[in-house]
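The values are calculated or read from the model by the stated rules, or taken from the named source; none is laboratory data. Computed from a predicted model, the values in this text were never measured in an experiment. Here the Cβ is made from the backbone with ideal geometry for all residues, glycine too, and neighbour counts use every protein chain on show. Please note that ligands, DNA and RNA were not included when accessible areas were found on the heavy atoms of the full protein model with its side chains. Shrake-Rupley method; radii C 1.70, N 1.55, O 1.52, S 1.80 Å.
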Amino acid sequence: MGFTNRSALEGVSFHFDNSYARLPERFYSRVAPVRVAAPRLIKVNEELAARLGLDAVALASEEGVEVLAGNRVAQGSEPLAMAYAGHQFGYFVKQLGDGRANLLGEVIGGDGVRYDVQLKGSGRTPFSRNGDGRAALGPVLREYIVSEAMAAMGVPTTRALAAVTTGQTVIRETIQPGAVLTRVAASHLRVGTFQYFFGQGDVEGIRTLADYAIGRHYPEAESATKRYRALLDGVIARQAALVAQWMLLGFVHGVMNTDNTSISGETIDYGPCAFMETYDPRTVFSSIDHQGRYSYSNQPHAMHWNLARLAETLLPLLVQEEGGSDEAGLASAHEALEKFGIQFEAAFYAGMRRKIGLKTERDEDVALIDDLLKRMEANRAEFTLMFRRLCDAAESVEGNAGVRALFADPAAFDAWEMAWRERLSQDAVSGQECAQAMRQVNPMFIPRNHLVEAAIRAAVDRQDFQVFEDLLRVLAKPYDERPELEEYARPARPEEYVSRTFCGT
Ligand code: AMP
Ligand code: MG
């Protein structure tokens, strides 16, 4: 008996090493997850567990599920709620913090990277304000599906290690089943974490946090002569690349508040996010985004604004690095921020070149790409299918029927196609080779909103998690041509279309 118990305990061992818990006490609140009534496992992400050196079987065991539900504190875990602030839709909130999340601890993955293991929906904390500290099943499944799809498409993102139901209900617009997501992130440091100390006028806190962020995410800044400027440069570069990846996939984050902007450069907080279908740069899904602040095409601007908020918090450190000159510190921040637009555009057009099959780089490519996007918009072309079917057109001239048909006026495609083929011919790559390369960057399968909704409805209304499982399996290989799964590749029919998604609360 004793032996069995011990091996079970070793089974769920995370080998936690908790660097954040070693930071000063004012960075967080030590609080354990709140127990739930009757936890049941929905899923353990076996592939991710293996990467983190965790035993998926142990996680799925009764004891593992207790840990994933927050009913048991695993060995070595030092649970805490992180303090942070943030601009929400442009308004500064001095204190947000983990109101329904709990950092269990950190593990070192097989890749040598330190990861946060966090429960989301794990009960009230000192940061909960009026919230219940819980998460509903629907948003938990949405975050699981979309974050895993993003990872499979090669986008930096937090990931889903597991999901459980709580056996309790939560009250939202309606009464819903409760759930807890186990989220894994390179860290949960946000622009809002810096803003928390900024809001308190706590420059030493900002410095401690900046040093921590450098050690954890930007070791190259450690040896720079101006380390805080190097940190700012690093975050800006990663966020420029990240937003470019979103744009290249038609992803709309939906709630790009500064508390949802990570320092590590990962996509974080899948609330009202969704993928655009018909190409329209003004696309908004979030039901609370009335001004289109976080619309598809506004995302680079929103990110630049968020990074300016980060620069603001670092200003005292930048001034110091410039020998105490306010002017020079400010100039340093501006210089860093100016690079965002340049880096974003470079990453966006480099990605677009790959999407349309170009191997080499020519100045005229930008005009060719812009022209395609203009025609797609005017002709209401479906974004994901357009690029996927363009691969067939690259393979052979006769292969263009599918993509043509996506344009309200196919002649609008024909005119562009001539210029495109002319440009392709300059790269001297075979059609087959070109198509193959294009299929590596133009996904066939994305988490379309109606598919995500169907998975959620089956789980919530019928306790049927098979639809969720099937969808995960399809999305795990987004770039593989699988004609038998065509149903998953098609856009929503008018009656299936989900135009508004709600905040993931
Ligand atoms: P989000 O919109 O999910 O990024 O969350 C914004 C802020 O609200 C964060 O401080 C969350 O911790 C907090 N929050 C969101 N939902 C809840 C909830 N159900 N209970 C307590 N706090 C919440
Ligand atoms: Mg958030």
*Among the residues of the range 177-213, how many are open to solvent by 10 Å² or more (accessible area, probe 1.4 Å) and more than 19 Å from Met82 (Cβ to Cβ)?*
3
*List, please: which pairs have Cβ atoms under 8 Å, are six or more places apart or on different chains, and start with a residue in the range 385-411 that is touching a residue at least 40 places away in the same chain (Cβ under 8 Å) and closer than 13 Å to Arg421 by Cβ and end with one that is polar (S, T, N, Q) and assigned to a loop (DSSP other than H, G, I, E, B)?*
Leu390/Asn442
*Inspect the range 342-363 for any residue being in the same structural domain as Val252 (by TED's automatic domain parsing), of a type outside the set (Lys, Arg) and in contact with a Ser or Thr (Cβ under 6 Å, 6 or more places away or on another chain) and give the result as yes or no.*
no
*Sort out which residues of the range 255-280 are aliphatic (A, V, I, L, M) and either within 19 Å of Arg216 (Cβ to Cβ) or within 15 Å of ligand 1 (Cβ to nearest atom) (or both), and write them in order of number.*
Val255, Met256, Ile263, Ile268
*Selection status of Phe344, closer than 30 Å to Gly431 by Cα and either in contact with a strand residue (DSSP E or B) (Cβ under 7 Å, 6 or more places away or on another chain) or among the aromatic types (Phe, Trp, Tyr) (or both)*: yes
*Members of the range 356-383 that are open to solvent by 10 Å² or more (accessible area, probe 1.4 Å) and β-branched (Val, Ile, Thr)*: Thr360, Val366
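For Glu422, are the conditions met, namely being touching a residue at least 24 places away in the same chain (Cβ under 8 Å) and open to solvent by 50 Å² or more (accessible area, probe 1.4 Å)?
Spelling it out, it is not the case that Glu422 is touching a residue at least 24 places away in the same chain (Cβ under 8 Å) and open to solvent by 50 Å² or more (accessible area, probe 1.4 Å).
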*Could you tell me whether Arg216 is closer than 18 Å to Arg114 by Cα and open to solvent by 20 Å² or more (accessible area, probe 1.4 Å)?*
yes
*For Trp305, which of the numbered conditions (1) surrounded by fewer than 23 Cβ atoms within 10 Å (Cβ to Cβ); (2) within 12 Å of ligand 1 (Cβ to nearest atom) fails to hold?*
(2)
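Just to be sure before I move on: is Leu314 part of a helix (DSSP H, G or I), more than 24 Å from the chain's Cα centre (by Cα) and hydrophobic (A, V, I, L, M, F, W, C) in the structure I sent? Can you show your working first?
On the way: part of a helix (DSSP H, G or I): yes; more than 24 Å from the chain's Cα centre (by Cα): yes; hydrophobic (A, V, I, L, M, F, W, C): yes.
Taking the combined requirement at face value, the residue satisfies it.
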*Among residues belonging to the range 456-489 that are in a loop (DSSP other than H, G, I, E, B) and without any contact (Cβ under 8 Å) to a residue 24 or more places away in the chain, point out the one that is most open to solvent (accessible area, probe 1.4 Å).*
Gln463
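Regarding Lys359, is this residue more than 16 Å from ligand 1 (Cβ to nearest atom), at pLDDT 95 or above and not in a helix (DSSP H, G or I)?
Numbers: more than 16 Å from ligand 1 (Cβ to nearest atom): yes; at pLDDT 95 or above: yes; not in a helix (DSSP H, G or I): yes.
In short, yes.
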*Does Asp259 qualify as being in a helix (DSSP H, G or I) and within 16 Å of ligand 2 (Cβ to nearest atom)?*
yes
*asked:* Tally up the residues in the range 234-248 that are surrounded by fewer than 21 Cβ atoms within 10 Å (Cβ to Cβ) and either under 21 Å from Leu330 (Cα atoms) or touching a Cys at 6+ places or on another chain (Cβ under 7 Å) (or both), please.
replied: 1
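Would you list the helices (runs of 4 or more DSSP H) that sit entirely within the range 41-159 and hold 1 or more residues that are buried (at least 23 other Cβ atoms within 10 Å of the Cβ)?
Answer list for the range 41-159: 56-60, 62-69, 137-152.
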*For the range 340-347, state whether one or more residues are in contact with a helix residue (DSSP H, G or I) (Cβ under 6 Å, 6 or more places away or on another chain), surrounded by 14 or more Cβ atoms within 10 Å (Cβ to Cβ) and within 30 Å of Glu481 (Cβ to Cβ).*
yes
*Name every residue in the range 226-256 that is away from ligand 2 (no atom under 16 Å from the Cβ), without any contact (Cβ under 8 Å) to a residue 60 or more places away in the chain and not aliphatic (A, V, I, L, M), in order of residue number.*
Gly234
*For Phe275: the one exception among (1) away from ligand 2 (no atom under 16 Å from the Cβ); (2) over 17 Å from the mean Cα position of the chain (by Cα); (3) of a type in the set (A, V, I, L, M, F, W, C)*: (2)
*Which of the residues belonging to the range 245-260 are farther than 21 Å from Tyr91 by Cβ and in contact with a Pro (Cβ under 8 Å, 6 or more places away or on another chain)?*
Gln245, Met247, Leu249
